[in-house]
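J.: Quick one: the structure is below, and I'll ask about it shortly.
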Amino acid sequence: MGESVLTAGFAPADGALACEGVPLETIARDVGTPVFIYSAGAIRDAYTRLDRALAPVPHRLHYSVKANANVAVLALLRSLGAGVDIVSGGELYRATLAGLTGADIVFSGVGKTERELREALAAGILLFNVESEGELRLLDRVAGDIRVTAPVALRVNPEVSVDTPHHYTRTGERGDKFGVPYPDALAVAQLALTLPHTRLLGLDMHIGSQVSSVEPYRDGMLRLLELADDLRAAGAQDLRYLDIGGGLGVTYDTEDPIDLDEYAATVLPHAAASGLKLLVEPGRYLVGNAGVLLTRVLYRKEGGGREFVITDAGMNDLLRPSHYNAYHRIDAVRPRGGRTQADIVGPVCESGDFFALAREIDDVRPGDLLAIRSAGAYGFAMSSNYNARPRAAEVLVDGERFAEITAREQYEDLVRHETAHPTWRNA
Ligand code: LLP
């Protein structure tokens with residue numbers, strides 16, 4: 001199953017890799033490289049799979065915008081019925097542009113500013129996933145100022161043990177900065193019940209990303225359910241939502257992340273027992289394998305006993321290998337047949353600028369195209385202008401059609417907000 005999911009939307013046709021009905025070579029010719037390419041069909045399939053798996057209980061998928069915030073991707077997911085999970089005012093702005101409205105939006109994040117709280121209240125969002133007592137008190141004050149009641153779900157750090165490939169992406173273990181620590185959760189939730197301008201509507205957790213087992217979901221949900229019981233006993237009458245976050249892993253290599261049936265079998269009984277509407281916040285699951293980063297080989301060289309393939313994409317385009325030591329499969333778009341072992345590296349002036357080390361790949365030559373797989377989530381979204389490199393273009397493919405959904409940045413874009421002639425503010 002892993003393999004079919006990994007290759008979703010991308011398959012060889014006439015000797016070269018295509019996305020749905022569009023050869024990647026055509027896109028490279030038209031839009032240039034590096035370019036992120038997303039398969040609309042693969043996104044639809046992933047959405048449908050997850051939505052069906054949760055069908056036995058009342059639920060909604062709130063796509064986690066941070067994974068891939070392109071407005072065309074958001075609009076596609078909205079058309080399928082998704083809501084969104086946002087973590088900033090900027091993501092609220094993007095979601096709104098894509099046609100999502102208040103009731104579609106839950107707002108997570110450990111450091112929401114007063115401005116962001118105001119904007120989200122004005123937008124009439126479904127839920128604030130509140131992560132601290134300080135945030136709760138500020139939200140209550142801001143809501144009072146503008147004479148509204150803020151809908152609150154308490155984000156709890158359930159303090160369970162979580163299994164992910166890198167510790168940076170664990171968020172539900174004791175000591176992580178996210179959520180209200182489980183031992184304090186009841187007291188903070190009771191505060192939410194007493195504050196005049198907040199209404200406690202739910203409980204929330206997000207335990208981590210690229211999670212590889214169902215146990216932390218089970219353990220975390222049990223803790224949330226216990227809390228819900230205590231709260232009801234303490235007089236809470238409005239609980240309606242149980243948000244269990246995102247985190248569902250996808251296949252990058254040969255690993256088998258959580259099986260969807262197993263996930264559903266774990267989550268559904270607890271969701272049903274809670275009597276609450278289940279909310280999930282998948283990011284990577286919906287878009288991760290629906291995208292590739294297409295890059296052209298610039299050079300080959302050898303040195304110090306290593307073989308290098310140098311590409312026109314760098315760590316500024318796709319940070320994951322460098323930042324998390326993450327594995328991405330890399331395929332020649334038009335394989336030559338021979339194989340070689342090489343470091344696949346970018347042009348950025350850092351030795352950490354690599355996509356793969358000592359990787360066996362096709363014996364590519366300068367000018368050949370490489371597809372760096374599974375780059376639909378946390379690819380473009382984490383890209384930067386480091387080394388004054390304009391950010392890549394983004395393309396959406398749907399059947400036989402393709403469209404540029406983000407134009408490649410130009411040099412002028414790099415300095416749009418800068419000045420070489422400072423106007424001193426205090427002179
Ligand atoms: N909900 C919340 C509150 C989150 O913080 C996240 C991700 C998600 C949902 C979605 O998680 P997903 O379903 O995509 O696993 N940059 C890292 C991943 C960081 C995830 C941060 N939070 C990476 O490239 O692996």
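J.: What aspartates and glutamates sit close enough to Lys66 to cross-link, taking a C-alpha to C-alpha distance under 13 Å and skipping anything fewer than 8 places away on the same chain?
T.: Cα-Cα hits under 13 Å: Asp85, Glu91, Glu281.
J.: Just the projected area, averaged over all directions, of the convex hull on the alpha carbon atoms of region 188-286: how many nm²?
T.: Values: hull surface 26.7 nm².
Convex hull of Cα atoms, orientation-averaged projection: 6.7 nm².
J.: In nm, give the distance between the simple-model label positions of Thr340 and Thr423, each being 7 Å from the Cα along the Cα-to-Cβ direction.
T.: Placing both labels 7 Å beyond Cα along the Cβ direction yields 5.4 nm.
J.: Counting Lys +1, Arg +1, Asp -1, Glu -1, what net charge surrounds Pro151 among other residues with beta carbon under 11 Å of its beta carbon?
T.: Details: positive: Arg199, Arg240; negative: Asp238.
Neighbour charge sum, excluding Pro151 itself: +1.
J.: Report the full-extension gain for the segment Leu191 to Arg137: residue separation times 0.36 nm, less the Cα-Cα distance, to one decimal in nm.
T.: 18.5 nm
J.: A further question follows. Which distance in nm do the two modelled labels at Asp163 and Ala16 give, with both placed 7 Å along the Cα-to-Cβ direction?
T.: My value for the distance between the label points is 4.2 nm.
J.: Also, quick follow-up: Would you mind working out the magnitude of the charge dipole of region 108-282 relative to its Cα centre, with +1 at each Lys and Arg C-beta and -1 at each Asp and Glu C-beta, to the nearest 20 Debye?
T.: In debye, rounded to 20, region 108-282 gives about 900.
J.: Inverting the mean 1/r over all pairs of different Cα atoms, compute the Kirkwood radius of region 87-233 and quote it in Å. Walk me through the numbers before you get to the answer.
T.: Details: mean 1/r = 0.0638 Å⁻¹.
One over the average 1/r among Cα pairs gives 15.7 Å for region 87-233.
J.: Relative to the longest principal Cα axis of the chain, at what angle does helix 40-53 sit, 0 to 90 degrees, rounded to 10?
T.: Between helix and principal axis, roughly 40 degrees.
J.: Further question: May I ask you to derive the relative contact order of the chain, considering only C-alpha pairs under 8 Å and at least 6 residues apart, and to give it as an integer percent?
T.: This gives 19 percent for the chain.
J.: Report, in debye and to the nearest 20, how large the dipole of the chain comes out about its Cα centre when Lys and Arg carry +1 and Asp and Glu carry -1 on their Cβ.
T.: Here the size comes out at about 740 debye.
J.: If you find the alpha carbon centre of region 1-79 and of region 287-323, how far apart are they in angstrom?
T.: Going from one Cα centre to the other spans 21 Å.
J.: Rank Thr254, Leu239, Leu195 by how far each Cα sits towards the positive end of the charge dipole of region 108-282 (+1 on Lys, Arg Cβ; -1 on Asp, Glu Cβ) and give me just the farthest.
T.: Leu195
J.: Mind checking the full-extension length gain between Met382 and Phe308? Use 0.36 nm per residue of separation minus the Cα-Cα distance, one decimal, nm.
T.: Taking Met382 through Phe308 to full extension adds about 24.2 nm, to one decimal.
J.: Could I ask something else about it? Roughly speaking, what is the centre-to-centre gap between region 183-258 and region 86-106 when only Cα atoms are used, to the nearest Å?
T.: The two parts, judged by their Cα centres, are 22 Å apart.
J.: Taking the convex hull of the alpha carbon atoms in region 260-360, what volume per residue do you get, in Å³?
T.: Considering the Cα atoms of region 260-360, their hull volume per residue is 150 Å³.
J.: Then there's this: 7 Å from Cα along Cα→Cβ at both Asp413 and Asp261: what's the point-to-point distance in nm?
T.: Those two pseudo-labels are separated by 4.4 nm.
J.: Within a Cβ distance under 10 Å of Ser374, other residues only, what is the Lys/Arg minus Asp/Glu net charge?
T.: +3
J.: When the convex hull of the Cα atoms of the chain is projected onto a plane and the area is averaged over all directions, what value comes out in nm²?
T.: Values: hull surface 93.1 nm².
Projected over every direction and averaged, the Cα hull of the chain covers 23.3 nm².
Taken together, the values in this text are just the output of simple stated rules run on the coordinates, not laboratory data. Worth saying up front: this structure is predicted, and the values here are computed from it rather than measured. Note: ideal-geometry Cβ built from the backbone for every residue, glycine included; neighbour counts use all protein chains shown.
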